[in-house]
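Have a look at the structure below before the remarks.
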Amino acid sequence: KKDIPVANFTIHEIYCSRNIGVCRYCSESIPKTEMKNHIESEHVQVTCKCGMKMEKSLLEDHEASACPLRPAVCQHCDIQLTFNKLHDHESYCGARTETCSGCGLNVMVKDLKEHPRVCG
């Protein structure tokens, strides 16, 4: 999958056909001596802590952006919890009230950032 000078093409093609294979899962060029190790380390099926099965090479991205059990932080109280519990927690947490030091009114936590414009 790289440009080869015309003068070297035939010998390069012979070398590649003997020594390089294409992974049947990801279509990457891999030395034939490392193919078994590549498949076992990159394409073996693993199970995430959420129960989803996937190739090992996809696990890191799944855990970072798609796993319902990935860590998440509440925008109101900065507590860390799992992503699948974040919405319910933020709904409850944002509905709490705190007293405004400027006007003395009880303001919902979710509205505290906007309140100073109304409060004056």
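Among the listed residues K36, K85, K110, identify the single one that is modelled with pLDDT of 95 or more and assigned to a helix (DSSP H, G or I).
After applying the criteria, what remains is K85.
Based on what the data block shows, is E98 assigned to a strand (DSSP E or B) and open to solvent by 60 Å² or more (accessible area, probe 1.4 Å)?
When the stated conditions are applied, E98 passes them.
Of the residues that sit in segment 1-59 and are under 28 Å from F83 (Cβ atoms) and in contact with a strand residue (DSSP E or B) (Cβ under 6 Å, 6 or more places away or on another chain), which one is most open to solvent (accessible area, probe 1.4 Å)?
K53
Against the conditions (1) part of a helix (DSSP H, G or I); (2) modelled with pLDDT of 90 or more, where does G21 fall short? Just the number, please.
Failing condition for G21: (1).
The values are calculated or read from the model by the stated rules, or taken from the named source; none is laboratory data. What you see is a predicted model, and the numbers here were worked out from it, not measured in a lab. All Cβ positions, even for glycine, are placed from backbone atoms using ideal geometry, and neighbour counts span all protein chains on display. Surface accessibility is based on the protein's heavy atoms, side chains included, excluding ligands, DNA and RNA. Shrake-Rupley method; radii C 1.70, N 1.55, O 1.52, S 1.80 Å.
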